[in-house]
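Structure first, then comments.
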Amino acid sequence: MARKVQHSLLTKAKTNKKDEFYTQLIDIESELKHYENHFKDQVVYCNCDDPRVSNFFNYFSINFEKLGLKKIITACYKNKENNLNENGFFSEYISDKGEKDITIEDKISVVPFNEDGDFRSLESIELLKKSDIVVTNPPFSLFREYVEQLIKYDKKFLIIGNVNAITYKEIFKLIKENKAWLGIHLGRGISGFIVPDHYELYGTEARIDNSGNRIVSPNNCLWLTNLDTSKRHEDIILSKTYYGNESEYPKYDNYDGINVNKTKDIPMDFKGSMGVPITFLHKFNPDQFEIIKFRKGNDEKDLSINGKCPYFRILIKNKRLQS
Ligand SMILES: C[S@@+](CC[C@H](N)C(=O)[O-])C[C@H]1O[C@@H](n2cnc3c(N)ncnc32)[C@H](O)[C@@H]1O
């Protein structure tokens, strides 16, 4: 029993540690500039954010008028284990409507929750229902549940997750059904996260910025969204052909389709199924390709070529060649 308790405490500590990555303003700005047309008259909800430190709140309050926002709601979670006497709270930020002599106190109200402010709590869900678009970097350890809730309440969203999230069956299903897709930046395109003082500064790109923030760059995150972008409607330029180069595209043992090792090598003349690496999703245009299946052949085992399995493949078909 003692061992069990010890183990669950360790797991919890590990989980909490992974959750303490705070997003930099620069990364929010470089992604959000691609979605400005979505925010007019909208209520934005940042439901995993302390408005005193969150750069999501910063970004939306700085750009409130420019985006034409109606309201920013920001909810701060207080983990009862660390803050035994503190409840979570939320803030609502509204426009000054161009009136002069308006103080920040007139624009923002702060209300305590009765509970901890967990995004799954009834109190937080009530705020979610009143919102149009959710934008944040949620706790990595609860990503599946977090996205499930957004879908359940039919919300627009733009959130940060780990690239591995694409391989979660629940998330892949959304991508396959065109209910979610990758945003503009991923991997090294997200420059790094601010970590607390007790957090180890690991990796060759770890640094302390001019403001004294401790930054780590895991280079393994992405933006996931259901807000449309122009990038999602750009075709992948195809320059290779299958016919005449068949040996470069071996067939799978357990699926009627060919293997393509790099997105740029997708042949322009192949009508059938093609297995492509998951990085394809960053370039995916749903008018050009259809996603058929993830990773598994007809026998529901990993796709293989002469007994060897290439790393996660997504099976696609070129829509423009189907008649
Ligand atoms: C990856 S951090 C990102 C913080 C902030 N959104 C940002 O991007 O700077 C995740 C945040 O979620 C908060 N959190 C953890 N569990 C939560 C829960 N169940 N409900 C709401 N927030 C939670 C943590 O306190 C942490 O601040």
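What the table below lists for this structure:
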| item | result |
| --- | --- |
| Difference of contour (0.36 nm per residue) and Cα-Cα distance, Arg207 to Asp132 | 23.4 nm |
| 12 Å reach of a label modelled at Glu20, 7 Å along Cα-to-Cβ, counting backbone N of region 196-210 | 196-201 |
| Length-normalised contact order for region 225-323 - Cα pairs under 8 Å, 6+ apart - percent | 30 percent |
| Distance between modelled label sites at Glu65 and Asp256, nm, 7 Å Cα→Cβ extension | 6.3 nm |
| Region 150-204-region 295-323 distance, computed between alpha-carbon centres (Å) | 24 Å |
| Calculated from backbone phi, Karplus (6.51, -1.76, 1.60) coupling profile of region 247-252 in Hz, x at Gly/Pro | 5, 6, 10, x, 7, 6 |
| Square roots of five times the Cα gyration tensor eigenvalues for the chain, Å | 40, 24, 18 |
| Residue-span extension gain [Tyr199 to Glu145] - 0.36 nm each, minus C-alpha spacing | 16.9 nm |
| Antiparallel DSSP beta bridges within the chain, as percent of all bridges there, nearest 5 | 75 percent |
| Calculated from backbone phi, Karplus (6.51, -1.76, 1.60) coupling profile of region 312-323 in Hz, x at Gly/Pro | 3, 10, 10, 8, 10, 9, 7, 5, 6, 9, 8, 10 |
| Mean separation of Cα contacts under 8 Å, 6 or more apart, over the residue count of the chain: relative contact order % | 13 percent |
| Size of region 138-191 as Cα extents on the principal axes (Å, biggest first) | 31, 23, 20 |
| Region 19-133: radius of gyration over Cα atoms, expressed as a fraction of 2.2 N^0.38 Å | 1.08 |
| Residues of region 299-323 with amide N under 11 Å of the 7 Å Cα→Cβ point at Lys271 | 321-323 |
| Neighbour net charge for Lys156 - beta-carbon separation under 12 angstrom, K R +1, D E -1 | -1 |
| Full-extension gain in nm, Lys155 to Asp41, via 0.36 nm per residue minus C-alpha separation | 39.5 nm |
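FYI, it's all coordinate maths here, none of it is from the lab. What you see is a predicted model; the values in this text were computed from it and never measured. Cβ atoms come from the backbone with ideal geometry, glycine included; neighbour counts cover every protein chain shown.
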